[in-house]
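The values are calculated or read from the model by the stated rules, or taken from the named source; none is laboratory data. Please read these numbers as outputs of a predicted model, since none were measured by experiment. Cβ coordinates were reconstructed from backbone atoms using ideal geometry, including for glycine residues, and neighbour counts include every protein chain displayed.
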Amino acid sequence: MSTRLHGPAGGGTRALIAACMLLLGLGAAGALLLGDFALSPRAVLQALLPGADGSAAFIVRELRLPRLLVGVLAGAGLGMAGAIIQSITRNPLGEPGLMGVSAGAAFGMVASMVLFDLPAARMLLCGVAGGLFAALLTFGLAARMRLQPLYLTLTGMSVNLFFAAAITLLLVSSSVEANGIYYWLTGSLANRTWQHVHLLWPWVLLGLALGAVCARLLDLLALDDSVLRALGMRIATWRLLFGALAVLLTAAAVAATGPLAFIGLVAPHLVRFGLRPHGDALGHRQLLPLSALVGASLVCGADLVANWRMVPVGILCVLLGGPLLIHLIRKQEN
Amino acid sequence: MPPSTSFLAACLALAILTAAPAQAQSYPLTIVDDRGKAVRIDRQPRSVASVSTFGADLLSALGRRVDGLSTLNNKQSAFLGEATHGTVNLGEVHETNLEVLTTLAPDLIIGLRTYTEPFEKKFEEIGAFLAFDLITLDDSLHAVARAATALGEGARGEALNAAFLARLDDYARQAPGGVSVVFLWHWADVPFAFYDHHLTTHLLGRLGAVNLQGASPTPELRSPDSAAIGMEALLALDPDVIISFKGDDGPFVDHPVWPRLKAVNNGRAWRVGDQYVMPHGPIARDMVLRELAHLLYPAHFPAPGDIPAGARASAMHFAR
């Protein structure tokens, strides 16, 4: 994946940001305005003001706003995690699931529900722990091959399949309420609360900050290993650190929403396809925050429809993300 | 006026006394189950396995014991009380242990079509196999009639149905109405609300309560019998009474909407046993009807005293 590393924000970047902000704005407006209670835009605005009280304030602040923020944060986290994983594995089809993290986090959540029926906060922590464990397994197994991208990818896929099978085993052997299980496993923002927001925001902000600080190192990791070794760079250590960052972002997002497929894969590609025709700079300093922005916009846009039709947003992510990716690939070939 | 216990006693006595004796039913006989299959039963079944509580419930109502019984979430249903003690555990309802079932070699297997369909050939190799779809009141009535016939107790099966319908009419007449209700089940933090056509919600309707989830948007299909419901939607509905299968502990009760619901604040959010989601046997449906009547109208209907402790409704507990 060749990238131009530096340069000012050009017309493509501005257009991409404007498009994302428009989608994000629409998603946010929809999330705050639409629901089972009919609230006017004025009532929603008043409910958001400090000191607001009453039913409208409860509905907007305690029900709709957390859902919106969880969508924004999870989308941003997954988008950024996807960009990092595509870089460190040098795999354009890289995504958080490829490290086994999504399946590991989902396994942690499902195990906490099925085996222990824990309170929400502990359940979320189980999700993060599951994601971290899966990532440790992936990195641990791939470490023998110095975390070379191909081995990292193959190991991640194996770990992903292992945890997917473990989830199935857990569900088949312990519960029969398949509707509920599959509803959660498709990924949803329904009924999310501030607990989920509090779980997510520190990781996403940390990811954004570290991404901004270490973007240049990620740029370097895109170079060939022999070049990096000649430069005296500790390749495996840096891959591990960036991988850990992507893992934390993904695990927190999956713990809060369930697995949202395609966001981590599609968001960085949308950024690249949006900027390349305009010849804009595309180093990780641009790629990471823009992938986060695109990821957040995609999830919020999808949730607008999901909220309206009462379906899990994960289904919309797959329905939108799949064709979008195919379209982008065909466009690139042309 | 409270419902008369003597009325029920009279109905049941009538059902039992007027029923033809078992020997009167001649074998072989053929029963068409809900797969549309004509199942031939050569002689009166002596041993019976039940995949779901329905078969065990019916046998118990007929004064017989089931030989093998499946579990739900690795537990035997509490509402059947001692009737399930000593029965062979056939494993979870959706994945029957076929080796155990083969060893048991029952003359008759009564199961739910949903869970047994993938393995129906195996079931048929083991013994005569009847599979039922159990969602609505009609499903319950027809299944009781056919399964009782297969057991050589056709007349008593019909009598059980008649006694239940009589009690349902009696309760419906006495129920004051004017209560709104939502019947939930949940998986993790996702609540699902039952539509009108499920037997339990049908009973709620007959008792004059309004099921706020309403009818299925696809009435031509009986399944699904419930749909996911958002907590904002639940707040908008704000029912007088909440009936919830499971409904305690875990993330389900953590949500900030619960303390704002009328039912919760009035102590009318109830956690109920699995007989509410599988109410199609004669004992379960009768138990559910009587307990629902009490939960909806405690001043008019006394709490049933004969429900095993583990199956009784209890107040839901919330995290906040």
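Does B:Val66 qualify as being buried (at least 17 other Cβ atoms within 10 Å of the Cβ), modelled with pLDDT of 90 or more, in a loop (DSSP other than H, G, I, E, B) and among the β-branched types (Val, Ile, Thr)?
Criteria met by B:Val66.
Looking at A:Met109, is it hydrophobic (A, V, I, L, M, F, W, C), closer than 17 Å to A:Thr257 by Cα, within 14 Å of another protein chain (Cβ to nearest Cβ) and surrounded by 19 or more Cβ atoms within 10 Å (Cβ to Cβ)? So A:Met109 passes the test.
Restricting attention to the stretch B:173-193, does a residue exist that is among the acidic types (Asp, Glu) and either closer than 30 Å to B:Thr30 by Cα or at pLDDT 95 or above (or both)? Checked against the condition, which is being among the acidic types (Asp, Glu) and either closer than 30 Å to B:Thr30 by Cα or at pLDDT 95 or above (or both), the stretch B:173-193 yields no hits at all. Only one of the numbered conditions (1) farther than 30 Å from B:Glu158 by Cβ; (2) touching a helix residue (DSSP H, G or I) at 6+ places or on another chain (Cβ under 6 Å) is violated by B:Pro217, and that is (2).
In the stretch B:110-120, the qualifying residues are those that are under 11 Å from B:Ser52 (Cβ atoms) and of a type outside the set (Phe, Trp, Tyr), and the one that is farthest from the chain's Cα centre (by Cα) is B:Thr116.
Exactly one residue among A:Leu324, A:Leu298 is more than 14 Å from chain B (Cβ to nearest Cβ), surrounded by fewer than 24 Cβ atoms within 10 Å (Cβ to Cβ) and in contact (Cβ under 8 Å) with a residue 12 or more places away in the chain, and that residue is A:Leu324. The residues in the stretch A:260-282 that are out of contact with any Cys (no Cβ under 7 Å at 6 or more places or on another chain) and either part of a helix (DSSP H, G or I) or modelled with pLDDT of 85 or more (or both) can be counted, and the count is 15. With a requirement of 3 or more residues that are at pLDDT below 95 and within 14 Å of another protein chain (Cβ to nearest Cβ), the strands (runs of 3 or more DSSP E) lying completely within the stretch B:213-320 that satisfy it span B:226-228.
Of the residues A:Leu223, A:Leu228, which is farther than 29 Å from A:Val110 by Cβ and outside any helix (DSSP H, G or I)? Outline the logic, then answer.
Details: A:Leu228 fails: outside any helix (DSSP H, G or I).
Of the residues listed, the single one that is farther than 29 Å from A:Val110 by Cβ and outside any helix (DSSP H, G or I) is A:Leu223.
Kindly indicate the residue of the stretch B:198-211 that is touching a residue at least 24 places away in the same chain (Cβ under 8 Å) and surrounded by fewer than 20 Cβ atoms within 10 Å (Cβ to Cβ) and also nearest to the other protein chains (Cβ to nearest Cβ) among those meeting that condition.
B:Val210
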